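Novice: Sharing a structure with you now.
The values are calculated or read from the model by the stated rules, or taken from the named source; none is laboratory data. Note that the structure is predicted; figures quoted are calculated from it, not measured. Positions of Cβ are generated from backbone atoms using ideal geometry, with glycine treated the same way; all protein chains shown enter the neighbour counts.
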Amino acid sequence: MTDNVSSIAQPRWARYEAAAVGLPEYWYPVAKLAALRRKGRLAMHFMNLDIVLFAEDDKVYALIDKCPHRGVPLSMGSREFPKTISCEYHGWTFSLESGALVAALTDGPNSPVIGKASVRSLPVEVRCGLVWVWTGQGKPVPVEDDIPAELLADDARAYAHYRIVEGNWRYACENGFDESHGKMLHRTSWWVFFRNVSAWNVTEIKSTDDKVWLYRSQHSVHVRDDYPQLGNWPPKKWWKKLGGRTTVQGPDHMIAVRLPCVLRVKQPGSADWTHYEWYMPIDRNKYLYMTLAVTWRKSLWKRFMYWLRYYTYILPVHHYDFNGQDLSMVRSMSDDPPVRAFRPDVSIFEWRRHLEENARGPGGAPAERIRTVAA
Amino acid sequence: MTDNVSSIAQPRWARYEAAAVGLPEYWYPVAKLAALRRKGRLAMHFMNLDIVLFAEDDKVYALIDKCPHRGVPLSMGSREFPKTISCEYHGWTFSLESGALVAALTDGPNSPVIGKASVRSLPVEVRCGLVWVWTGQGKPVPVEDDIPAELLADDARAYAHYRIVEGNWRYACENGFDESHGKMLHRTSWWVFFRNVSAWNVTEIKSTDDKVWLYRSQHSVHVRDDYPQLGNWPPKKWWKKLGGRTTVQGPDHMIAVRLPCVLRVKQPGSADWTHYEWYMPIDRNKYLYMTLAVTWRKSLWKRFMYWLRYYTYILPVHHYDFNGQDLSMVRSMSDDPPVRAFRPDVSIFEWRRHLEENARGPGGAPAERIRTVAA
Amino acid sequence: MTDNVSSIAQPRWARYEAAAVGLPEYWYPVAKLAALRRKGRLAMHFMNLDIVLFAEDDKVYALIDKCPHRGVPLSMGSREFPKTISCEYHGWTFSLESGALVAALTDGPNSPVIGKASVRSLPVEVRCGLVWVWTGQGKPVPVEDDIPAELLADDARAYAHYRIVEGNWRYACENGFDESHGKMLHRTSWWVFFRNVSAWNVTEIKSTDDKVWLYRSQHSVHVRDDYPQLGNWPPKKWWKKLGGRTTVQGPDHMIAVRLPCVLRVKQPGSADWTHYEWYMPIDRNKYLYMTLAVTWRKSLWKRFMYWLRYYTYILPVHHYDFNGQDLSMVRSMSDDPPVRAFRPDVSIFEWRRHLEENARGPGGAPAERIRTVAA
């Protein structure tokens, strides 16, 4: 396959390469608050850490899920006293708040090991009905810094859906922001059954003034075109002529991405909701895929109509059929790096450069600036 | 997790570390004689060896389960002649007794390879209805040296039960002799439903005069205690007051361990039986777990009553419910070493030191003598 | 086991050792044409390559199954235009014939990447109702060079059957040509139920004048024999006396092998068909096992009778029961090299030497000539 390796100079993305299991210095929405409340505790592998979440009264807690004594998961433990978890093996009892060892039950009340052992606790917050965890080693930023501001509005109504899927989170994130795959991959999804998907666009990648979002700005849209020696593409379908509306196209800001792994797709005007995705690394080959369908409505009736729309249409048709196509591509890429680029990959390369230059955390030698990366 | 690593000096256990897949220079009871007789042969992976056992007439045999010709397992072979096994592939025929090649059937009666090849045979003995195999390279000791003497008594009645379980045999053995886990882990088992399990004890580890057994000698028993800022533990349960008897407690010698991997738990007086466990390494992450429930009774009626008690009570309630809690802990420790110790771990560290100083086989620089290993 | 390692000098087989995943510079019959036609495409792992076959009109094509853009399998793609495959992810469109990129649909008709990328295409031919693929880096030889000439006859009637099985292809091939295993392993198969299988033979390995086939030439056949201190073997079975015919024995050329991995077993005269096997490497531990039962008959009636015989007798009794015994042996050898040889292994060693000296491709320092390899 060496004959296929692109000879064009591709920039070196040192921080991007190093982020195969994620960018730690961020807040991640790892679970629904309601699910944690219902079960009382949730154990998960996340960013190559074993984490256990606890809910008690109005508070949530996050600890590393491993007793420092004999290595048994604390998630197997029992709740002997308020605001503590006791390891099921020997009764080492940790503060949920700080992770400090406050008792070693089977060594009596005055065990000298008290205060000399602890388990790492992770900063944790609740916003938008989700539990946000800080996995970084550094001092956490305010959680609001990592949440799109509009999600914090009073009238926001968000439906979150979680799946654990195969693949590397970076390819998933790049897939979300990728300009051109929708025209080929999604043309067969039910979501665009009545809509025309264009053959190709010319797009420029810009960033918002605050440098938080990177977005696609379209210069031209080619619904169909004639390919030399091959023919017209995509083929006309009579039922698509009815509306004639094109999809995944639109004004600036429609499709945007931000660090660490957030995609936002504003839906066309009348639909009145916005689609978000988080691609949260579990390990090198798995990620936690969260879709968030958000609307802003105050009236009970409108909220009910959105509830109905979400469960009968958005969840099955968008999140499973449409997004399922993305998941199958990311899964099939496994751990192989792409070797050959073309013009529409500018969205991917600009995203990598954005990560390289702007991601929080150590490192950060800026990538070589190459606007036109492909032949 | 580095902040949790104990800064106390832990002794180096060179032989203990080297024994991750067992101590070879011992006899191990790897199967029930009745099961071997019924099936005629048993293939097993044991101590990283592939072994096959055969029974013929009154004798049992053990060979390495791999034909030296093309590597096919001899356990796939057929019994063409008495006291031999013929490899199913080309008919290389080995003496069950010595492992020597006595014929290569498909090369005719005078094959020159006869006498020039062999498969390793393992010393094997039958005692207590069990098949004992010597896996060492050295000259075997008398099998009685590795069997608790009381098991060889004429009136001993032993019920063996085998399971293959996940985890390293050393953690399983340490779990058996561990002083404190019972107070936390087993407090919820049916076995102690009517009994009080103490909160904590002070225990000293001693060895019998012949240095064969290491046992726990209790100095004090604290059934309940008051933990500062937390409260009383364990909580009172009204139905436990009835008997008021404490469990897993008792006079010296009640709980003892001996090399290579034998635990003995004498049951309180009226129960009139003794519980044994063998933790026999299969590989680094699996072990053969054998429980042996033994009584000493001559009368047929008493033997019948013990048979009834074993199958209706001891096997389900002790071996599955109670011991199942141990197995789940050992499994969850996987291959991670414990990093932080506390006072009751003295039983574990004394056991390691005992192994270090007294185990048969090469090596054996004695471990640094540290009586108080934990903060 | 070191005591079992043969002390006899075994030749070094450099090319044989290097061929653990096959000899690339050959044609391999990897699929039935009818199956490919029915499904339109077939994806497979073969010789550690991911390959996809396509059928269109009267032609077949083979490509490496990985888009050079983002690594997605082309077998997930769609057929947008004749004689092309379009990657499902971004519409990169490749010529089935040459593998050249002829369009990048989502970059418009004039994408500059056209002509600058390609996917490797493999030479492919159709003969005997099978699809033959050339996996080598060198210029392909005529496909007829790798097909036994008699298979190309007009009246040849061939039934192919494919299985993916565990084991290394070299052990499978050696098993096929191995002189002695049949006498032990196959004595219990239904295929020889009425026939006497001899105890041992004396065989010489010769090659045809054109050096294409290696075959076994028998000097003597010992149907039964007396083994000192053991007895007669094999035991007499009354129902075998009826015919008295011996099997897997016969005149020269009956059992022959040729590069890269083809076995031919001519059936005794009246049976009027010939059995072929191909052992085609998938990876180090798996191979594609193809049996080919061939007859040469012109009359429709005789062809019908052969069809009947194949599906009611040859396929279940020969290919599954009889050959299934071979497969179970090869599987059980796993990746362990044989360490100890005996006289009948001359067939195996001559085959290795033949491979060493005559296989196409780089390398080829001839092996040390040792005729008598075993004690």
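Novice: Just checking, how many residues over the stretch A:69-90 are of a type in the set (A, V, I, L, M), out of contact with any helix residue (DSSP H, G or I) (no Cβ under 9 Å at 6 or more places or on another chain) and facing another protein chain (nearest Cβ under 8 Å)?
Specialist: Initially, the stretch A:69-90 is screened for residues of a type in the set (A, V, I, L, M), giving A:72, A:74, A:76, A:85.
From what is left, the residues that are out of contact with any helix residue (DSSP H, G or I) (no Cβ under 9 Å at 6 or more places or on another chain) are A:74.
Add one more test, that the residue is facing another protein chain (nearest Cβ under 8 Å), and what stays is none.
Summing the residues that are of a type in the set (A, V, I, L, M), out of contact with any helix residue (DSSP H, G or I) (no Cβ under 9 Å at 6 or more places or on another chain) and facing another protein chain (nearest Cβ under 8 Å) in the stretch A:69-90 gives 0.
Novice: A follow-up question, please. Within the stretch A:78-91, is there a residue that is over 21 Å from residue B:188 (Cα atoms) and free of Cβ contacts under 8 Å to residues at least 24 places away in the same chain? Before the answer, list the steps.
Specialist: Going residue by residue through the stretch A:78-91, those that are over 21 Å from residue B:188 (Cα atoms) are A:83.
Applying the additional criterion that residues be free of Cβ contacts under 8 Å to residues at least 24 places away in the same chain yields none.
No, the stretch A:78-91 has no match at all.
Novice: Follow-up question, since we're still on this one. Here's a check for you: in the stretch A:285-306, which residue that is among the basic types (Lys, Arg) and part of a loop (DSSP other than H, G, I, E, B) is nearest to the chain's Cα centre (by Cα)? Lay out the reasoning, then the answer.
Specialist: Initially, the stretch A:285-306 is screened for residues among the basic types (Lys, Arg), giving A:286, A:297-298, A:302-303.
Subsequent filtering for residues that are part of a loop (DSSP other than H, G, I, E, B) retains A:297-298.
Numbers: A:297: 24, A:298: 27 Å.
Result: A:297.
Novice: For the structure I just gave you, tell me whether residue B:27 is surrounded by 15 or more Cβ atoms within 10 Å (Cβ to Cβ), within 24 Å of residue B:356 (Cα to Cα), modelled with pLDDT of 95 or more and under 22 Å from the mean Cα position of the chain (by Cα). Let's see the steps before the verdict.
Specialist: Values: surrounded by 15 or more Cβ atoms within 10 Å (Cβ to Cβ): yes; within 24 Å of residue B:356 (Cα to Cα): yes; modelled with pLDDT of 95 or more: yes; under 22 Å from the mean Cα position of the chain (by Cα): yes.
Considered against the rule, which asks whether it is surrounded by 15 or more Cβ atoms within 10 Å (Cβ to Cβ), within 24 Å of residue B:356 (Cα to Cα), modelled with pLDDT of 95 or more and under 22 Å from the mean Cα position of the chain (by Cα), residue B:27 comes out as yes.
Novice: Something else about it: Can you say whether residue B:220 is under 19 Å from residue B:317 (Cβ atoms) and within 14 Å of chain A (Cβ to nearest Cβ), as far as the supplied structure shows? Steps first, please.
Specialist: On the way: under 19 Å from residue B:317 (Cβ atoms): no; within 14 Å of chain A (Cβ to nearest Cβ): yes.
Judged against the criteria, residue B:220 is not a match.
Novice: Tell me which residues, restricted to the stretch B:121-159, are on the phi > 0 side of the Ramachandran plot and either in contact with a Lys or Arg (Cβ under 9 Å, 6 or more places away or on another chain) or among the aromatic types (Phe, Trp, Tyr) (or both). Walk me through it before giving the result.
Specialist: The initial filter retains those residues of the stretch B:121-159 that are on the phi > 0 side of the Ramachandran plot, namely B:128-129.
The one that is on the phi > 0 side of the Ramachandran plot and either in contact with a Lys or Arg (Cβ under 9 Å, 6 or more places away or on another chain) or among the aromatic types (Phe, Trp, Tyr) (or both): B:129.
Novice: Please verify whether residue C:158 is more than 9 Å from chain A (Cβ to nearest Cβ), of a type outside the set (S, T, N, Q), under 30 Å from residue C:296 (Cα atoms) and touching a Gly at 6+ places or on another chain (Cβ under 7 Å), treating the condition exactly as stated.
Specialist: Answer is yes for this residue.
Novice: Being within 10 Å of another protein chain (Cβ to nearest Cβ), modelled with pLDDT of 95 or more and under 28 Å from residue A:284 (Cβ atoms) narrows it down to one residue among A:51, A:64; which is it? Talk me through it step by step, then tell me what you get.
Specialist: Working: A:51 fails: within 10 Å of another protein chain (Cβ to nearest Cβ).
Within the list A:51, A:64, the selection yields A:64.
Novice: More than 19 Å from the chain's Cα centre (by Cα), in a strand (DSSP E or B) and hydrophobic (A, V, I, L, M, F, W, C): does that describe residue C:202? Before the answer, list the steps.
Specialist: Numbers: more than 19 Å from the chain's Cα centre (by Cα): yes; in a strand (DSSP E or B): yes; hydrophobic (A, V, I, L, M, F, W, C): yes.
Answer is yes for this residue.
Novice: Another question, then. Taking the criterion of being at the interface with chain C (Cβ under 10 Å from one of its Cβ atoms) and surrounded by fewer than 20 Cβ atoms within 10 Å (Cβ to Cβ), would at least one residue in the stretch B:92-105 satisfy it?
Specialist: Initial filter on the stretch B:92-105 (at the interface with chain C (Cβ under 10 Å from one of its Cβ atoms)): B:92-93, B:99, B:101-105.
Those still in the list that are surrounded by fewer than 20 Cβ atoms within 10 Å (Cβ to Cβ) too: none.
No.
Novice: Tell me which of these residue B:78 doesn't satisfy, since it passes every other one: (1) more than 22 Å from residue B:126 (Cα to Cα); (2) surrounded by 19 or more Cβ atoms within 10 Å (Cβ to Cβ); (3) more than 22 Å from the chain's Cα centre (by Cα).
Specialist: Condition not satisfied by residue B:78: (2).
Novice: Within the group B:207, B:180, which residue is of a type outside the set (A, V, I, L, M, F, W, C), under 24 Å from residue A:110 (Cα atoms) and over 14 Å from the mean Cα position of the chain (by Cα)?
Specialist: Details: B:207 fails: under 24 Å from residue A:110 (Cα atoms).
The unique qualifying residue is B:180.
Novice: I've got another one for you. Within the stretch B:184-198, is even one residue part of a loop (DSSP other than H, G, I, E, B), without any contact (Cβ under 8 Å) to a residue 60 or more places away in the chain and within 13 Å of chain A (Cβ to nearest Cβ)? Can you show your working first?
Specialist: Residues of the stretch B:184-198 part of a loop (DSSP other than H, G, I, E, B): B:189, B:193-195, B:197-198.
In the following step, the residues that additionally are without any contact (Cβ under 8 Å) to a residue 60 or more places away in the chain were identified as B:193-195, B:197-198.
The next check asks that each one be within 13 Å of chain A (Cβ to nearest Cβ); those that pass are B:197-198.
Yes, because at least one residue in the stretch B:184-198 is part of a loop (DSSP other than H, G, I, E, B), without any contact (Cβ under 8 Å) to a residue 60 or more places away in the chain and within 13 Å of chain A (Cβ to nearest Cβ).
Novice: Continuing with this model, one more query. In the stretch A:37-74, what residues are assigned to a helix (DSSP H, G or I) and either touching a Lys or Arg at 6+ places or on another chain (Cβ under 6 Å) or over 30 Å from residue A:19 (Cβ atoms) (or both)?
Specialist: So in the stretch A:37-74, the residues assigned to a helix (DSSP H, G or I) come out as A:37-39, A:74.
Across the stretch A:37-74, the qualifying residues are A:37, A:38, A:39.
Novice: Could you count how many residues in the stretch C:16-56 are more than 22 Å from residue C:161 (Cβ to Cβ), in contact (Cβ under 8 Å) with a residue 40 or more places away in the chain and among the charged types (D, E, K, R)?
Specialist: 2
Novice: State yes or no: is residue C:111 of a type outside the set (A, V, I, L, M, F, W, C), facing another protein chain (nearest Cβ under 7 Å), surrounded by 16 or more Cβ atoms within 10 Å (Cβ to Cβ) and in contact (Cβ under 8 Å) with a residue 40 or more places away in the chain?
Specialist: Details: of a type outside the set (A, V, I, L, M, F, W, C): yes; facing another protein chain (nearest Cβ under 7 Å): yes; surrounded by 16 or more Cβ atoms within 10 Å (Cβ to Cβ): yes; in contact (Cβ under 8 Å) with a residue 40 or more places away in the chain: no.
No: the conditions fail for residue C:111.
Novice: How many residues are more than 25 Å from residue A:296 (Cβ to Cβ) and without any contact (Cβ under 8 Å) to a residue 12 or more places away in the chain when one looks only at the stretch A:135-155?
Specialist: 1
Novice: Of the residues C:266, C:298, which is at pLDDT below 95 and more than 27 Å from residue C:208 (Cα to Cα)?
Specialist: Numbers: C:266 fails: more than 27 Å from residue C:208 (Cα to Cα).
Matching residue, one of C:266, C:298: C:298.
Novice: Given the conditions (1) modelled with pLDDT of 95 or more; (2) away from chain A (no Cβ under 14 Å), and given that residue B:328 satisfies all but one, which numbered condition is not satisfied?
Specialist: Condition (2) is where residue B:328 drops out.
Novice: Mind checking which residues of the stretch C:205-217 are touching a helix residue (DSSP H, G or I) at 6+ places or on another chain (Cβ under 8 Å) and assigned to a strand (DSSP E or B)?
Specialist: Of all residues in the stretch C:205-217, those touching a helix residue (DSSP H, G or I) at 6+ places or on another chain (Cβ under 8 Å) come to C:205, C:207, C:211, C:214, C:216.
Those that are touching a helix residue (DSSP H, G or I) at 6+ places or on another chain (Cβ under 8 Å) and assigned to a strand (DSSP E or B): C:205, C:207, C:214, C:216.
Novice: With respect to residue C:294, determine if the residue is within 26 Å of residue C:259 (Cβ to Cβ), touching an Asp or Glu at 6+ places or on another chain (Cβ under 8 Å) and either of a type in the set (Phe, Trp, Tyr) or within 14 Å of chain B (Cβ to nearest Cβ) (or both). So that I can check it myself, show each step before the final result.
Specialist: Values: within 26 Å of residue C:259 (Cβ to Cβ): yes; touching an Asp or Glu at 6+ places or on another chain (Cβ under 8 Å): yes; either of a type in the set (Phe, Trp, Tyr) or within 14 Å of chain B (Cβ to nearest Cβ) (or both): no.
Taking the combined requirement at face value, the residue does not satisfy it.
Novice: Only one of (1) within 14 Å of chain B (Cβ to nearest Cβ); (2) farther than 21 Å from residue B:94 by Cβ; (3) touching a residue at least 24 places away in the same chain (Cβ under 8 Å) fails for residue C:214. Which number is that?
Specialist: (1)
Novice: Need the failing condition index for residue C:220 against (1) surrounded by fewer than 21 Cβ atoms within 10 Å (Cβ to Cβ); (2) more than 22 Å from the chain's Cα centre (by Cα); (3) part of a loop (DSSP other than H, G, I, E, B), just the number.
Specialist: (3) is the only condition that residue C:220 fails.
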